[in-house]
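To start, the structure itself, in structure tokens.
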Amino acid sequence: DPFDPSFRADVRRQMIAHKQEMDDPWCFGFFVDNELSWGGPTDLAVWTLASPAEQAAKSEFQKRMRTKYETVEKLNAKWGSGYTNWEAFLTGTQRPGAGANDDLTEFTLAIADAYFKNIREEFKTAAPNKLYMGCRFAGRGPEFALKVGAKYCDIVSFNIYARSIDDFKLPEEIDKPVMIGEFHFGALDRGLFHPGLIQVADQAERGKTYTGYVTSALRHPQVIGVHWHQFGDQATTGRFDGENFQVGFVDCCDTPYPETIAGIREVGYRMYEIRSGK
């Protein structure tokens, strides 16, 4: 809840906890958060209405509606709601009618704006010379949140699991550098028993697909980097959430997958030529 004072305090605390990294000359920026559940264009506001009365965002929503409508009767007439007074706005958890959609959309954007704005202000206070690299949207991200985030992030970041990003585009009005926070490919011919989010036929195709993905990123004028997920295979028994993907550069015994390493070298040795269009 970015309207709760504890939100900024927590961002501040987290930044201080990473002071060693902030002082590292090799560190050029930080991601803050990962794959948040943004919902649709009205969902953050709807979820706020379903929250307890003491939720800070709910109090903020009520304040804005009181300023806009003045009386709860006018709000009810627009929303199709049945609040008896403004206190009932806080204590109620019901979803309003279709007449509320404009206000729900507006407040959803307000939540997103407060989220990115508060983080940026605390971030730049603690690390003025580092880049705020966004929240690593899951997939392409919801457009409403992306547009708000682009106002405040130095770099917008996405975790895009696909065979390439040739078809990736930002909305026309956004011109920002892009970082891919996660991508991977796995196969079942060797190693573990789960191929991850993008399955390929075998280890040979895995190396070729890696080369293709990174090549597509190098050819994209807004993409400045890609991060593979992850260096080593996950344990067969699974991590904390059960994930046990065959997606490492090395297996569980730290033995490299030679086909993938060959693909990495192939595109790595040519990356500057590809980037420059040669």
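The values are calculated or read from the model by the stated rules, or taken from the named source; none is laboratory data. If you're wondering where the values come from, they're calculated on a predicted model, not measured in any experiment. Virtual Cβ from ideal backbone geometry, glycine too; neighbours counted across all protein chains shown. Just so you know, the surface numbers come from the protein's heavy atoms only, side chains and all, with ligands and any DNA or RNA stripped out. Shrake-Rupley method; radii C 1.70, N 1.55, O 1.52, S 1.80 Å.
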Just one of the numbered conditions (1) over 22 Å from ILE119 (Cα atoms); (2) out of contact with any helix residue (DSSP H, G or I) (no Cβ under 6 Å at 6 or more places or on another chain) is not true of MET179; which one?
(1)
Looking only at segment 248-278, and only at residues there that are open to solvent by 40 Å² or more (accessible area, probe 1.4 Å) and small (Gly, Ala, Ser), the one that is modelled with the lowest pLDDT:
GLY277
Test: THR236 is farther than 17 Å from ILE274 by Cβ, modelled with pLDDT under 95 and open to solvent by 30 Å² or more (accessible area, probe 1.4 Å):
yes
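Scanning segment 33-70 for residues that are among the hydroxyl-bearing types (Ser, Thr, Tyr) and in contact with a helix residue (DSSP H, G or I) (Cβ under 9 Å, 6 or more places away or on another chain), which turns out most open to solvent (accessible area, probe 1.4 Å)?
SER37
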PHE245 vs. criteria loosely packed, with under 11 Cβ neighbours inside 10 Å, among the hydrophobic types (A, V, I, L, M, F, W, C) and under 22 Å from ILE160 (Cβ atoms)
no
Filter result (more than 10 Å from LEU104 (Cα to Cα) and polar (S, T, N, Q)) within segment 33-57:
ASN34, SER37, SER51, GLN55
Taking LYS130 as the residue in question, decide whether it is more than 25 Å from LYS19 (Cα to Cα), modelled with pLDDT of 95 or more, in contact with a strand residue (DSSP E or B) (Cβ under 8 Å, 6 or more places away or on another chain) and charged (D, E, K, R).
no
